Each structure stands twice: as structure tokens, then as C-alpha cells.
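Everything below concerns the one structure shown next.
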Amino acid sequence: MPNESSVSDTDKPGNGFLKKLGRRLVSLTTFSINVGIAAAAVMIGVTTIQMRAEEKPAVQSAPLVEVRPVKPEHQTGYEVTRSFVGRLEPARRTDLGFELSGTVRAIEFDEGDLIRKGEVIAVLDTRTLEAEKRRQTANRKAAESDRELAALTLERRQTLRDGGHVSDQILDEARLALSRLDATLDQIDAAIEAIDISLDKSVLTAPFDGSVGERLLDEGATIAPGAPVLRLLEVAKPTVRIGLAPEVVDRLDRNDTFQIRISDRLFEARLSGLRPDLQTSTRTIETLFELDVADAAPQFGRLAELSLTEMIEADGYWVPTAALKEGPRGLWTLLAVVRASTETGEDVFEIRREAVEVLHADATRSFVRGTISGDTNIVAEGVHRVVVGQQVGMSGEGA
């Protein structure tokens, strides 16, 4: 039977417990070391971040924005150019017609044709008048023969009366017969003259140089007295009719030369007339301007634009329009460059705001009045690059 003392120490129950305990102690020690290392790493990282956060980076000052100011131009007024629109029309326009009734035999011109003064435009059928004139001419010849006989009769009876062979009554009858024939001749002459007038009125002639605007009848038409045949427009003196306010008319001078634009052409014109009455609907006075046209005038009825320049008296300054910025309550602002002192006593230039009112503006500049003077240095360009209170560098006339 084996001896109990020969059993190995490793087989004892107490040795297994000790091994487990040792392994646990080793694991616990390793964990504690790892935790310590991690904590140390965290502390080092936090400290590094804090140190970096407390560091102040070196800041380099940016260069000053350079501005080139201009000074406003002082004036006691400004010019305003106003445009007024009217229409081109002929100086004279008439509807030509016959005073007599009849049938139109010929019309010599069509629409658009040019006509000289005195040229025949249209003719009526005058055959009836010509026949009547021939009849009256024949009557006159017969009356002339009767008168010649009456004159001879009066002469013979006057001789007999001197010899005492006829009575006074017979002599008076011969003398009165001759007088009646003289009256008949006068009547015939008046009838022939009336026929000649009718024949003259049967031919329609141009009263002035012009162009046919509209042809209203053709050959063969039977017309009544006064019926228009065609419309004649004078082309020699084209006229522009424009309605102007009374205060504008009062400033016009007949000796001045005016500029009138029709489409893309510019014409010189003179004031030729004024209507004596005021148009109640538009409260304007119709003003007539005669164009100076060297060649063919534009078509009548086209729009014409008159430009008038008026001087407005006002004390203010001309400034670049690009320098204006919209301000509160309908005002505008300008950015001005002023000299200021720092805490160290060094002179610097700063941006200040000036309030102005715009009185007039054109494409590139504006006439304003406000808190500026002739010595104010105004930022003319690049107003979006600076703000009020900003220090800037200045070059140019204000430097």
C-alpha cells in the first residue's frame, strides 16, 4: 500500500488555490498599470490643449484700404432738359372741290404726286356752258346789227327833224330804240362774262405748291357744288404742332433756334406761331414750329420731339452718382473721408456719413444739397469697400 507521504505537492488542494490567486493578482496589477498609463495620457493631452489654447497667435495688421476722394463742385443752379411730343403736319392743308355741279371729266394727279401752284388738277364737263356761250355770242351779233340800224335811223330822223319834216315824238322813239339795244348788248355781255366765269370755275387749279394727300373722286363722278375732289398738302413748310404749358411758352424766344427730333433725324426749327387760346382739356397752348428742311421732309403725322433746356436756380453741389447710397426717410448719403486723431495722437483718416438731398440727376453725376461743403472729400468709387468708422488711406487731392 503506498505511503501517503509520497503524494506530490502539486496534487495538494491548497496549491491550486494559490495559483488562481496569483494569476488574479497579476491581471489586477496589469489592469491598474494600463489605467494609470491611460489616465496619464489623458492628463498630458488635456494639458497640451490648454497650453495651445492659451497661446496667442501673432496677428499681422491688414493694410489700409486706399481711397481716392473728390471734392464736390459748387454751383448756384442746374440745367434741366425737358422733352415735349407733337406731330408733324403741313403748314396748309385744303380739300379742293368745284363751286359748280357737274360731271368730272378728268383728274390729272394721283395720291402722292407733287403739284406746282397754278397747275390744272381736275376739269368738269363744260359742253353745256360752251354751247350757251356760243348762243349768247350769236345773240350779241344780232343785237349789234339791230343797234347799227337803230343808229342810222336816229341819224336820218334827226336830219328830218332839223328840216321840220318829222315830229319830236318820232325822233324820241328812234333815240330810245337805240338806247334799248345798247342795254341788250350790255345784258348779252354780262351773260357771256358769267359763262366765262363758270368755265373758269370748271377747271380746278392748285392754290399752292404741295402734294396730293388723298384722292376722293374719280373721272365720271357727278358732284354737287363744294364736294371735295382731292386733298392738297403743302410740303414747302412742314410744321410741328406741340402743346406746351403756358409757363414754358412764356420763356420761348422767336429769335431762338430749336432742335426737333423725328425718328433718327434732328432738324432745326423756328417758332412760327402760337394759338391765342388755351386748350381746356390739356391746359396747354398749341405752339407751331417750322422745320428747316433742305431735302424731302418726313411723312406728315409722324411724332416729333422738342427738347428745351431750362435753368433751375438752386444752391448745391455736383457729385458723382456712383458715390450716392440710399439713406433713411427718402434721403441719400455720401461717404466722406475726414481726418481723425488716435489715442497716441497720430492723425488718421476715417469714413464718415453725410446726408444729402438729390435735386437732379443725370447719367454720371447728381446735383445735391445737404451737410457737405466744397472742401468735403467724397469717396467717389468703391463705396461698397468701406464702412462708416473705418480707417482708410487717402490719395489724390485730399491727401
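The values are calculated or read from the model by the stated rules, or taken from the named source; none is laboratory data. On a predicted model such as this, the values are computed, not experimentally measured, just so you know. For neighbour counting, all protein chains shown are included, and Cβ atoms are generated from backbone atoms with ideal geometry for every residue, glycine included. The protein model used for the area step is the full one, side chains on, heavy atoms only, and it has no ligands, DNA or RNA in it. Shrake-Rupley method; radii C 1.70, N 1.55, O 1.52, S 1.80 Å.
Return yes when Gly220 is in contact (Cβ under 8 Å) with a residue 40 or more places away in the chain, at positive phi and not aromatic (Phe, Trp, Tyr) and no when it is not.
Yes, satisfied.
If I ask for residues that are open to solvent by less than 90 Å² (accessible area, probe 1.4 Å), without any contact (Cβ under 8 Å) to a residue 60 or more places away in the chain and under 18 Å from Val85 (Cβ atoms), which ones from the stretch 250-264 would you list?
Result: Leu252, Phe258, Gln259, Ile260, Ser263.
Looking at the stretch 232-264, which of its residues are in a strand (DSSP E or B) and more than 17 Å from Leu308 (Cα to Cα)?
Leu232, Leu233, Thr239
Would you check which residues across the stretch 357-399 are touching a residue at least 40 places away in the same chain (Cβ under 8 Å), of a type in the set (Gly, Ala, Ser), open to solvent by less than 50 Å² (accessible area, probe 1.4 Å) and over 21 Å from Thr76 (Cβ atoms) and list them?
Ala380, Gly382, Gly393, Ser395, Gly396, Gly398
Listed here are the residues, each with its yes/no results for (1) farther than 30 Å from Glu247 by Cβ; (2) modelled with pLDDT of 90 or more; (3) assigned to a helix (DSSP H, G or I).
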{"residue": "Ala296", "(1), (2), (3)": "yes, no, no"}
{"residue": "Leu306", "(1), (2), (3)": "no, yes, no"}
{"residue": "Thr309", "(1), (2), (3)": "no, no, no"}
{"residue": "Ile312", "(1), (2), (3)": "no, no, no"}
{"residue": "Leu334", "(1), (2), (3)": "yes, yes, no"}
{"residue": "Arg339", "(1), (2), (3)": "yes, no, no"}
{"residue": "Phe349", "(1), (2), (3)": "yes, no, no"}
{"residue": "Arg369", "(1), (2), (3)": "no, yes, no"}
{"residue": "Glu397", "(1), (2), (3)": "yes, no, no"}
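Which one of Ile312, Ile285 is open to solvent by less than 40 Å² (accessible area, probe 1.4 Å), of a type in the set (Val, Ile, Thr) and closer than 30 Å to Arg87 by Cβ?
Within the list Ile312, Ile285, the selection yields Ile285.
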